[in-house]
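Here's the structure we're looking at; comments come further down.
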Amino acid sequence: MSNTNKKMNKVLLEKSVLIDKINGLSDKEIGEKYNINLRKIEQIITKEKGINVSNINSPKKIRKFSPKDFQLENNTVWSFKSRGNWATHNGNYRGNWSPFIPRNIILRYSKENDLVLDYFCGSGTTAVECKLLNRNFIGIDINEKAIELAKENLNFEYLFGGNVDLRVGDARNLSFLEDSSVDLICSHPPYSNIINYTYDNEHDLSHLDTEKFLNEIKKVADESYRVLKDEKFCAILIGDMRKSKFVVPLGFWTIEKYLQSGFKIKEIIIKRQHNCKTTGFWYNNSIKYNFLLLAHEYLVVFQKTDRMNSFDEEKNIADLSFSVIDDIYLESTSVWIANSSSYLDNAISNLVKRYSNNFCIYNINYNKTATLVIYLLDKKFDEFINDIQQINNNCIVAILCNDNRLVNGLVRSEPIFVEQKLRNNEYLKIKEIIILSLDTINEMGSIENLNINHKYLLIYQKVK
Ligand SMILES: C[S@@+](CC[C@H](N)C(=O)[O-])C[C@H]1O[C@@H](n2cnc3c(N)ncnc32)[C@H](O)[C@@H]1O
């Protein structure tokens, strides 16, 4: 086919896709009709419309201004069955976050008339919540079309006495804001090359590879620290990625950048994602190719405070007992739900079923010929790293660890510490980050702190 013909075909394809979109065909139908994937459809729309939206027709009428029976979250695992469609909220802007997230953050960490900043404003979900909850708001986004959409979404009658300032700008440069002038930052970064928000805007961080993304997000973190008032909070939502059968812990690496800017961790909240299939094709593939579907993101609440992450919890590992359950349900995603009293049995049984029944618990019956070594993180971490050099190639090493609440109310995160320590280890490569989500029948968070009801299993593979 000549180049002119190829060009004509491309133009024709783009036009046809747009017409079908306007006529209301679903992405699946369009994909099948032209034999193209979702990413290609997104690309065509972003190129033509300047914005990555799933629906290019006009928005629907407002039915209600707040979610029914809303209750503030008290635990560290958040799971919203529906994304929320009050006021002008809808899932049209790809990658926008559920309004339940900014609503919870705004209510917990700010008060009326405070100034809230979202420097990755997108379609204005945080802005709409600020209008509904009577907070002043500054929203910036690199894409002028996103700012236009945010303005459209804010265009509804509501008793609101505050200010909203929406502008095109770059999150890495907040020079229009004075030092210590913002009460709360609440934002959802475009994480590295997962969804592209613009077709070819060179300042759009979603076009960057992981390393460049982390360098640039550090600049955002520095600016966040500068503009935030002392003792106030900065909440960001970030997830991991997968490269073939290994997880890329982008969430932890991003958290690290904010810590380097001076922030402390107030909460790490696990936001469950419900778009993961736990049956059929994906379930079978997760077993066949031995990987877990990513089903969580981290909503990290940082605090600008001088308090230190100092107190270290003593653990008594020797007291732990467990038993392996034979007919356990095999988990296929990165979030494993369990009962607080039986989570260890569940976790160990699942590890055994997925990886190997030739296993040992490092703290109890270490055996270097085992092909699955489970380590319940304790004070002997350095000894463990030395010992683990002797196990066989391809062995799986699973490390159970926690986020611990310190006496001063901050959080000390063991998994971030472990990942940092092992990042450049020549023998171990991180394979999965699993969240154990525990039920919380008798425990409630307080006004000050959420109740921590999750643990982590970091899965490494011995590669040398
Ligand atoms: C995950 S989306 C935010 C979605 C938003 N929370 C919502 O609900 O609509 C990330 C946004 O960051 C924007 N963005 C990318 N690079 C940026 C930059 N350097 N400065 C500001 N915004 C940027 C993208 O255009 C996109 O709208």
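Out of the range 170-182, which residues are near the ligand (Cβ under 9 Å from one of its atoms) and either among the small types (Gly, Ala, Ser) or assigned to a helix (DSSP H, G or I) (or both)?
The answer is ALA171, and nothing else.
Take ILE142 and tell me if it is open to solvent by 30 Å² or more (accessible area, probe 1.4 Å), among the aliphatic types (A, V, I, L, M) and within 12 Å of the ligand (Cβ to nearest atom).
Here the answer is yes, as ILE142 does meet what is asked.
Would you list the strands (runs of 3 or more DSSP E) that sit entirely within the range 184-302 and hold 2 or more residues that are buried (at least 22 other Cβ atoms within 10 Å of the Cβ), at pLDDT 95 or above and within 12 Å of the ligand (Cβ to nearest atom)?
Answer list for the range 184-302: 228-239.
Can you pull out the residues in the range 381-405 that are open to solvent by 10 Å² or more (accessible area, probe 1.4 Å) and out of contact with any helix residue (DSSP H, G or I) (no Cβ under 8 Å at 6 or more places or on another chain)?
ASP382, GLU383, ASN386, GLN389, GLN390, ASN392, ASN393, ASN394, ARG405
From the list ASN404, ASN386, pick out the single residue that is of a type outside the set (D, E, K, R), closer than 19 Å to ILE269 by Cβ and not in a loop (DSSP other than H, G, I, E, B).
ASN404
With respect to ALA127, determine if the residue is within 13 Å of the ligand (Cβ to nearest atom), in contact (Cβ under 8 Å) with a residue 60 or more places away in the chain and among the aliphatic types (A, V, I, L, M).
It is false that ALA127 is within 13 Å of the ligand (Cβ to nearest atom), in contact (Cβ under 8 Å) with a residue 60 or more places away in the chain and among the aliphatic types (A, V, I, L, M).
Take LYS49 and decide whether it is among the basic types (Lys, Arg) and at pLDDT 95 or above.
Against the criterion (among the basic types (Lys, Arg) and at pLDDT 95 or above), LYS49 does not qualify.
What is the residue count in the range 130-139 for residues that are within 13 Å of the ligand (Cβ to nearest atom) and in contact with a Ser or Thr (Cβ under 8 Å, 6 or more places away or on another chain)?
2
I'd like to check something: does the range 166-173 contain any residue that is open to solvent by less than 50 Å² (accessible area, probe 1.4 Å) and at pLDDT below 95?
No: zero hits.
Pull up the range 69-117, narrow it to residues that are more than 16 Å from the ligand (Cβ to nearest atom) and among the basic types (Lys, Arg), then point me to the one that is surrounded by the fewest Cβ atoms within 10 Å (Cβ to Cβ).
Among those residues, the one meeting the criterion is LYS81.
Return the pair list, or none, for Cβ contacts closer than 9 Å from residues in the range 81-107 that are under 19 Å from LEU159 (Cβ atoms) and free of Cβ contacts under 8 Å to residues at least 24 places away in the same chain to residues that are near the ligand (Cβ under 8 Å from one of its atoms) and polar (S, T, N, Q), at least 6 apart or on different chains.
From the range 81-107, no pairs qualify.
For the range 348-371, name all the residues that are out of contact with any Leu (no Cβ under 7 Å at 6 or more places or on another chain) and either assigned to a loop (DSSP other than H, G, I, E, B) or open to solvent by 60 Å² or more (accessible area, probe 1.4 Å) (or both).
Passing the criteria: ASN357, ILE364, ASN365, TYR366, ASN367, LYS368, THR369, ALA370, THR371.
Pick out the one residue from ASN309, ASN316 that is at negative phi, within 25 Å of the chain's Cα centre (by Cα) and modelled with pLDDT under 80.
ASN309 is the lone residue from the list that is at negative phi, within 25 Å of the chain's Cα centre (by Cα) and modelled with pLDDT under 80.
Would you say SER66 is under 25 Å from the mean Cα position of the chain (by Cα) and either within 14 Å of the ligand (Cβ to nearest atom) or over 18 Å from GLU267 (Cβ atoms) (or both)?
yes
Could we say that GLN43 is away from the ligand (no atom under 13 Å from the Cβ), of a type in the set (S, T, N, Q) and not in a loop (DSSP other than H, G, I, E, B) here?
So GLN43 passes the test.
The values are calculated or read from the model by the stated rules, or taken from the named source; none is laboratory data. Note that the coordinates shown come from a computational prediction; the quantities given were computed from them, not determined experimentally. We place every Cβ from the backbone using ideal geometry, glycine too, and count neighbours over all the protein chains shown. We work out accessible area using only protein heavy atoms, side chains counted, and drop any ligands, DNA or RNA first. Shrake-Rupley method; radii C 1.70, N 1.55, O 1.52, S 1.80 Å.
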